[in-house]
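The values are calculated or read from the model by the stated rules, or taken from the named source; none is laboratory data. For clarity, every value in this text was computed on a predicted model and none was experimentally measured. Methodologically, a virtual Cβ is constructed for each residue, glycine included, from the backbone with ideal geometry; neighbour enumeration extends over all protein chains shown. For accessibility, only protein heavy atoms count, side chains too; no ligands or nucleic acids. Shrake-Rupley method; radii C 1.70, N 1.55, O 1.52, S 1.80 Å.
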Amino acid sequence: MKTLRLRASALALITLLAAVPLAQAQSLADGSAQRPLRVLLIPADGGTESGTKADYAPIFNAITRSTGLHFQLTVGQSYGAVVEGMCNQLAEVAFLGPVSYVQAHDRQCAQLLAVGVQKGESAYYAAMFAKADSPINSLADLKGRRAAFGDVNSASSFTFQVASMIKDGMDPAKDLAALQLTGSHASSLAALVQGQVDAAALSFDSFDKAVRQGAVDPKTVKVIFKSEPIPYPPLAMNTKLPEPLKATLKQAFATVHQAPGVTPDMVRGYGGAKLDRFDTEFSEAQFAGPASKMALLTDEIKGEILDKAAQR
């Protein structure tokens, strides 16, 4: 399984390098117009370049307005690709899920920049949804059923749901009749809406975005699982950035909601949702929850799930 992990990392890096011009990959940028800070975004919603960029372009435009720093946003092909990008000096800043942040932090590639605050808290929730008229009402009811998950490195479209199944004595690779890894929250929800699966794993933030976009009628689905609070998906900095630049970025995100010319509409985060502000003093200790869930998902379990997903 160690070989599986190494192959996955190599593939993620190759995929990312294909999307990043060689000139951009050679050294850390400085935030000038000529060498903008490179921002890598996980494909959390929809997995499309335009959709994910649209979520985060407002806040980075606001930071440019308040600091003069320039940014270039790129969407990674997977969560793993963004981690590899940070660890191979292809980005100065990244939007990561809690699990992928822990992975990058453990490799000493990333440190916290800021975490969004929405309605007074820096937390969100993972969920499993089923059709409203389905007899499925809990994770236990998924035995013998079909389920869709996002990315294996996603906290809220894979890790928390699968870890909860395991904690409840289930074996997803054996107990599910079929298992899809769609790569994104929106794709998993689409699989449910289209009747391809009986349940879908995604975050409530992604579900709310789908409702706003008219992709799903909330009356047609129900929640069969809701996780404990998860730390809000963070923005992270490359650990190799100069300390003065790190300090500038932290100060900028801490105060952007009060910066001249910045409107509340520009202070946005995960799923394009409006935020109260950004917290740059968020404690690393609060990522212990995702780390503990990761510990349940051994390479062997992930390998079995990947094999199951490959069965079509």
- If you take the residues in the stretch 257-312 that are acidic (Asp, Glu), surrounded by 12 or more Cβ atoms within 10 Å (Cβ to Cβ) and in contact with a strand residue (DSSP E or B) (Cβ under 9 Å, 6 or more places away or on another chain), which one is farthest from Thr52 (Cα to Cα)? Glu284
- Query: So, of the residues in the stretch 147-170 that are open to solvent by 10 Å² or more (accessible area, probe 1.4 Å) and touching a Lys or Arg at 6+ places or on another chain (Cβ under 8 Å), which turns out to be nearest to Phe95 (Cα to Cα)?
  - Reply: Val152
- Task: Tell me which of these Tyr101 doesn't satisfy, since it passes every other one: (1) in contact (Cβ under 8 Å) with a residue 40 or more places away in the chain; (2) under 19 Å from Ala29 (Cα atoms); (3) not hydrophobic (A, V, I, L, M, F, W, C).
- Result: (2)
- Before we move on, is Tyr124 crowded, with 24+ Cβ neighbours inside 10 Å, modelled with pLDDT of 95 or more and closer than 24 Å to Glu228 by Cβ? no
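Picking from Phe287, Phe225, Phe253, which residue would you name as being more than 19 Å from Gln111 (Cβ to Cβ) and hydrophobic (A, V, I, L, M, F, W, C)? I'd like the intermediate steps shown before the answer.
Values: Phe287 fails: more than 19 Å from Gln111 (Cβ to Cβ); Phe253 fails: more than 19 Å from Gln111 (Cβ to Cβ).
Criteria check complete, one pass: Phe225.
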- Could you run through the stretch 176-196 and say how many residues are over 17 Å from Thr159 (Cβ atoms), open to solvent by 30 Å² or more (accessible area, probe 1.4 Å) and in contact with a helix residue (DSSP H, G or I) (Cβ under 7 Å, 6 or more places away or on another chain)? 1
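Please find, within the stretch 197-220, the residue that is nearest to Ala130 (Cα to Cα) out of those that are of a type in the set (Val, Ile, Thr) and open to solvent by 20 Å² or more (accessible area, probe 1.4 Å). Can you show your working first?
We begin by selecting, within the stretch 197-220, every residue of a type in the set (Val, Ile, Thr); these are 197, 211, 216, 220.
With the extra rule that they be open to solvent by 20 Å² or more (accessible area, probe 1.4 Å), the set shrinks to 211, 220.
Values: Val211: 15, Thr220: 9 Å.
Looking at residues that are of a type in the set (Val, Ile, Thr) and open to solvent by 20 Å² or more (accessible area, probe 1.4 Å), I get Thr220.
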- Enumerate the helices (runs of 4 or more DSSP H) found wholly within the stretch 156-211, keeping only those where 3 or more residues are under 20 Å from Glu300 (Cα atoms). 160-167, 172-175
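From the list Val223, Val262, Val256, pick out the single residue that is assigned to a strand (DSSP E or B), among the β-branched types (Val, Ile, Thr), out of contact with any Asp or Glu (no Cβ under 7 Å at 6 or more places or on another chain) and in contact (Cβ under 8 Å) with a residue 24 or more places away in the chain. Before the answer, list the steps.
On the way: Val262 fails: assigned to a strand (DSSP E or B); Val256 fails: assigned to a strand (DSSP E or B).
The unique qualifying residue is Val223.
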- In the stretch 283-298, how many residues are of a type in the set (Ser, Thr, Tyr) and part of a helix (DSSP H, G or I)? 1
